[in-house]
Structures are given as C-alpha cells and as structure tokens.
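A short write-up of the structure that comes next.
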Amino acid sequence: MSKKITSDKVKNQKGISVRINKNVTQKSNIILQNANKKKFGRKIKLDDLLEICLDRITEDDIKMLQNKSIRPDERKEIMRQKYIDIYGEISKAKFTEFMMSAEYISFLKDHFIESENRLAKVG
C-alpha cells in the first residue's frame, strides 16, 4: 500500500530535483540571462531550455556520450576482447605486458585508432 502512495505523490509533483554539474549550471545561467533580456513575456526557465535541447539530441550524440562514459579499465578490457577475437586467448596480465610492447602500437593502429577517429568526428 505504501508503494501506491509513493507513486501517487510522484505523479502529483510539478517537477523533480536534478543534480547538475557546476559548469553546466553556469553555462545554462548565461544562456537564460541572455534569453530573458526582453521587454515582454514570461521568464524563460531552465525547463524551457532543456526541452529544446532534449528534442535535438541525435543517435550520434548518444553514441558519443556512451563512448565518453567508458572508464579506462573498461576500455582496456574492450581492447583485450578485440585481441582475443583476432588472435586468441590472452590473460589480463599477459595483455598488460603486451600493452608495453612495440607490437601494441601496430595493434592499436590496425584496430582502434581508425574507429576512435570516427567517434571523435561524430562528437
């Protein structure tokens, strides 16, 4: 019964709290100050700005965000899995050793640098 009450409370709210990075807050405040330099009309709020922005997000933007969210240890595991697909099984320790070799540079050039460049162009 308490779950229903909680969900009813959420449905009746006009808005919710969202944590926003300080940089994003500063950027949005500058945009809103500029947008509100007008003689007529109601005050433009962050909600209005976000609604426009959210409607303009593309699949390429989503891919870029997904790529940016990958942590270094996950990126290393992705490269190790790619190595396994091409050359066969290798332990994490052996792959770390491989990363210190000159052969690793050519592995990156052949299999990662081109795809990273494509992702960078998207972002």
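The values are calculated or read from the model by the stated rules, or taken from the named source; none is laboratory data. Predicted model, so just to flag it, every value in this text is computed and none were measured. Glycine gets a Cβ as well: all are built from the backbone with ideal geometry, and neighbour counts include every protein chain shown.
Just a yes or no: is a residue in the stretch 58-65 hydrophobic (A, V, I, L, M, F, W, C), at pLDDT 95 or above and not in a helix (DSSP H, G or I)?
For the stretch 58-65, residues hydrophobic (A, V, I, L, M, F, W, C), at pLDDT 95 or above and not in a helix (DSSP H, G or I): absent.
For residue 42, are the conditions met, namely being exposed (fewer than 10 other Cβ atoms within 10 Å of the Cβ), at pLDDT 95 or above and not in a helix (DSSP H, G or I)?
It is true that residue 42 is exposed (fewer than 10 other Cβ atoms within 10 Å of the Cβ), at pLDDT 95 or above and not in a helix (DSSP H, G or I).
Run down 68, 76 and say which single residue is basic (Lys, Arg), under 24 Å from residue 25 (Cα atoms) and within 19 Å of the chain's Cα centre (by Cα).
Residue meeting the stated conditions: 68.
How many of the residues in the stretch 76-106 are out of contact with any Leu (no Cβ under 9 Å at 6 or more places or on another chain) and surrounded by 13 or more Cβ atoms within 10 Å (Cβ to Cβ)?
Matching residues across the stretch 76-106 total 10.
Between residues in the stretch 8-37 that are assigned to a loop (DSSP other than H, G, I, E, B) and modelled with pLDDT of 85 or more and residues that are surrounded by 10 or more Cβ atoms within 10 Å (Cβ to Cβ) and not charged (D, E, K, R), which pairs lie under 9 Å by C-beta distance while being six or more apart or on different chains?
As it stands, the answer is 20/28; 20/46; 36/44, since those pairs meet every condition given.
Take the stretch 78-95 and flag every residue that is of a type in the set (Val, Ile, Thr) and in contact (Cβ under 8 Å) with a residue 12 or more places away in the chain.
Once the filter is applied, which keeps residues that are of a type in the set (Val, Ile, Thr) and in contact (Cβ under 8 Å) with a residue 12 or more places away in the chain, the stretch 78-95 yields only 86.
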